[in-house]
2 protein chains.
Amino acid sequence: MPRTLRADAARNRDRLLAAARELFAEQGVDAPLEEVARRAGVSIGTLYNHFPNRGALLDQVLPERLAELDVLAAAALVDADPWHGFTAFLDGMFAMQARDRAVNEAVTRNPVGAVGVAAECGRAGGVVESIVARARGAGVLRADFGPADLATLIWAMSTVITMSAGDDAVWRRHLGFVLDGLRVR
Amino acid sequence: MPRTLRADAARNRDRLLAAARELFAEQGVDAPLEEVARRAGVSIGTLYNHFPNRGALLDQVLPERLAELDVLAAAALVDADPWHGFTAFLDGMFAMQARDRAVNEAVTRNPVGAVGVAAECGRAGGVVESIVARARGAGVLRADFGPADLATLIWAMSTVITMSAGDDAVWRRHLGFVLDGLRVR
DNA sequence: TAGCAACTTGAGGTCCCCCTCAGGTTCGCG
DNA sequence: CGCGAACCTGAGGGGGACCTCAAGTTGCTA
């Protein structure tokens, strides 16, 4: 096992990651690995040289995206308006799920707050709980809304996002209805 | 092509339908047909003798269940309280989706109101629109809620139902939140 | 620039599901 | 009964995706 990658190997690795990012975003985490190799212009054997299984590939690709959630979550926590912070976080997260089907599936199968596909996911979990708690504490979010309810909301939205096939207006409209039910007047 | 089925053939057909009902309910519309044959105690060839493809099997099994929706819908329309009629219909439909995964998938892929897996589904569609219109007309359902929004709600609930794996309390709780957002106070 | 380790290749084994059809079995009529 | 039509069987061909590995190629170092 060499300390550093040979030049061609490094290039192939990068291409594979780029192809994986693309295809997973389009088709989800179950996209055929042979298609990833094809798009990378590399043989299937090379793919398995670099990544022993699909999980290894996802472990490289998903955290990149999930880290973006951290930014969203941090912004939500310091939002002057706790309700706006809460809704802006949700909107941002769902928008990302709409952009990247792999993220949509990952977040759904493994709701924020539980142990994650990646450690990053778990770290975000704590922050997310704080966002919910802050909105609840400010009296703008119904008092009985807990982390489990957020997970359920994510389940609900994931299919709406998938089925509305690129039309963000559809899931935003539905989210609006739900938030009306969650808000305290 | 005989006018009437031979006794053993009729028996096998019944067994196949029973097995299909069971397995589709458990595993959804993509359940392996070889497993259906196995449960029916019949060879895979016999299954294809009776039903040329998966669709033919579903066409026999799904309408049975979807017809139950008609009963629900009819009851909703004559409910003294339009809001209760609306919510009771939804609760009943989602409860059925929770009981039968094939129904869950069928209703989701092909939302009530559009052309259906079966003609029965289409017939129910009109009634469902009436239920929505009645609740809206009575001023208890928000005025901007249309049939498309119902389809979206069905998408949303289908995953919640699947993920909550038999615990009806989970999806009922979420539905409660959403209905709070849909109701006019 | 020679030579070896590092890397790539793609045919092919495995698995799971689809569906078919030639040959054997059973029903039920006459 | 006995015979023909109706029916059943399950091995097997086809396809898609997974993953492996022996043989060939290429980058890099000395």
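The values are calculated or read from the model by the stated rules, or taken from the named source; none is laboratory data. This structure is a prediction, so every number in the text was calculated from the model and none was measured. Ideal geometry is used to build each Cβ from the backbone, glycine not excepted, and the neighbour counts take in all protein chains shown.
Can you tell me which residues in the stretch A:1-25 are within 13 Å of DNA strand D (Cβ to nearest atom), surrounded by fewer than 19 Cβ atoms within 10 Å (Cβ to Cβ) and either over 29 Å from A:Met96 (Cβ atoms) or touching a residue at least 24 places away in the same chain (Cβ under 8 Å) (or both)?
Selection gives A:Pro2, A:Arg3, A:Thr4, A:Leu5, A:Arg6, A:Ala7, A:Asp8, A:Ala9.
Inspect the stretch B:58-71 for any residue being more than 14 Å from chain A (Cβ to nearest Cβ) and within 16 Å of DNA strand D (Cβ to nearest atom) and give the result as yes or no.
Yes, because at least one residue in the stretch B:58-71 is more than 14 Å from chain A (Cβ to nearest Cβ) and within 16 Å of DNA strand D (Cβ to nearest atom).
Output yes when any residue across the stretch A:156-164 is outside any helix (DSSP H, G or I) and either in the same structural domain as A:Arg101 (by TED's automatic domain parsing) or modelled with pLDDT under 95 (or both), and no when none is.
Yes, the stretch A:156-164 has at least one match.
Out of everything in the stretch B:51-67 that is outside any loop (DSSP other than H, G, I, E, B) and within 13 Å of DNA strand C (Cβ to nearest atom), what residue ends up being surrounded by the most Cβ atoms within 10 Å (Cβ to Cβ)?
If we take residues in the stretch B:51-67 being outside any loop (DSSP other than H, G, I, E, B) and within 13 Å of DNA strand C (Cβ to nearest atom), then B:Leu57 is surrounded by the most Cβ atoms within 10 Å (Cβ to Cβ).
Restricting to the stretch B:133-183, give me the number of residues that are within 9 Å of another protein chain (Cβ to nearest Cβ), among the aliphatic types (A, V, I, L, M) and within 19 Å of A:Val170 (Cβ to Cβ).
Adding up the residues that qualify gives 8.
Let me spell it out: the conditions are (1) over 28 Å from A:Asp59 (Cβ atoms); (2) among the charged types (D, E, K, R); (3) modelled with pLDDT under 95, and A:Arg172 meets all of them except one. Which number is the exception?
Of everything listed in (1) over 28 Å from A:Asp59 (Cβ atoms); (2) among the charged types (D, E, K, R); (3) modelled with pLDDT under 95, A:Arg172 misses just condition (3).
How many of the residues in the stretch A:26-50 are loosely packed, with under 14 Cβ neighbours inside 10 Å, under 21 Å from A:Val107 (Cβ atoms) and within 9 Å of DNA strand D (Cβ to nearest atom)?
Matching residues across the stretch A:26-50 total 1.
Looking at (1) assigned to a helix (DSSP H, G or I); (2) without any contact (Cβ under 8 Å) to a residue 12 or more places away in the chain; (3) among the hydroxyl-bearing types (Ser, Thr, Tyr), can you tell me which one B:Thr108 breaks?
B:Thr108 satisfies every listed condition except (2).
Do we find a residue being within 11 Å of another protein chain (Cβ to nearest Cβ), within 16 Å of B:Gly92 (Cβ to Cβ) and in a helix (DSSP H, G or I) anywhere in the stretch B:121-132?
no
Quickly run through the stretch B:133-155 and pick out the residues that are out of contact with any helix residue (DSSP H, G or I) (no Cβ under 7 Å at 6 or more places or on another chain), assigned to a loop (DSSP other than H, G, I, E, B) and basic (Lys, Arg).
none
Quick one: in the stretch A:56-92, which of the residues that are among the β-branched types (Val, Ile, Thr) and touching a residue at least 24 places away in the same chain (Cβ under 8 Å) is farthest from A:Ala143 (Cα to Cα)?
Within the stretch A:56-92, the match that is farthest from A:Ala143 (Cα to Cα) is A:Val61.
Given the condition in contact with an Asp or Glu (Cβ under 8 Å, 6 or more places away or on another chain) and at positive phi, answer yes or no: does some residue in the stretch A:25-44 qualify?
yes
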